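See structure below.
The values are calculated or read from the model by the stated rules, or taken from the named source; none is laboratory data. This is a predicted model, so every value here is computed, not measured. Neighbour counts run over all protein chains shown; Cβ positions are idealised from the backbone, glycine included. Keep in mind that these areas ignore ligands, DNA and RNA; they rest on the heavy atoms of the full protein, side chains included. Shrake-Rupley method; radii C 1.70, N 1.55, O 1.52, S 1.80 Å.
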Amino acid sequence: VQLQASGGGLVLPGGSLRLSCASSRSIFTINRMGWYRQAPGKQRELVAVSASDGSTTFDGSVKGRFSISRDNANDTVYLEMNSLKLEDTAVYYCYARVNTLPYWGQGTQVTVSS
């Protein structure tokens, strides 16, 4: 599975961004797909994941501000990020799991700064 991430950038606090993750494989066959992030000096952490059964998982720090959605027609998963905070600054990585195998896309930088 190849994952192509896009949509990062520089945004003011309180602003919004949408990240996209396009899959080379039909997302119907992907058990879990979503986003992790890694800030400088910190470990990579889960942001949001969408499962094939329709369930979603969010880190507590982004609940109510971020949403995740699947576009089955385009094999793409989106991460809508609203009310961005300085602490959301990180490299965001697209992630997919097929059965037990993890796949990672390249990172996209999200910088929240005034």
Just one of Thr89, Thr57 is within 24 Å of Ser114 (Cβ to Cβ) and hydroxyl-bearing (Ser, Thr, Tyr); which is it? Thr89
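Table: residues versus (1) in contact (Cβ under 8 Å) with a residue 60 or more places away in the chain; (2) within 12 Å of Ala96 (Cα to Cα).
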{"position": "Ile30", "(1), (2)": "yes, yes"}
{"position": "Trp35", "(1), (2)": "yes, yes"}
{"position": "Gly41", "(1), (2)": "no, no"}
{"position": "Ser50", "(1), (2)": "no, yes"}
Flagged in the stretch 8-49 as under 24 Å from Ser113 (Cα atoms), open to solvent by less than 40 Å² (accessible area, probe 1.4 Å) and outside any strand (DSSP E or B), in numbering order, are Gly8, Gly15, Ala39
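Filter the stretch 66-84 down to residues that are surrounded by 14 or more Cβ atoms within 10 Å (Cβ to Cβ), within 25 Å of Leu10 (Cβ to Cβ) and in contact (Cβ under 8 Å) with a residue 24 or more places away in the chain, then give me how many there are. Working first, answer last.
Residues of the stretch 66-84 that are surrounded by 14 or more Cβ atoms within 10 Å (Cβ to Cβ), as a first pass: 66-68, 70, 75-82, 84.
Right, trim to within 25 Å of Leu10 (Cβ to Cβ) and you get 66-68, 76-82, 84.
Filter once more, so that each one left must be in contact (Cβ under 8 Å) with a residue 24 or more places away in the chain: 68, 76-82, 84.
Adding up the residues that qualify gives 9.
Take Arg97 and decide whether it is closer than 19 Å to Val1 by Cα, assigned to a strand (DSSP E or B) and charged (D, E, K, R). Give the derivation first.
Numbers: closer than 19 Å to Val1 by Cα: yes; assigned to a strand (DSSP E or B): yes; charged (D, E, K, R): yes.
So Arg97 passes the test.
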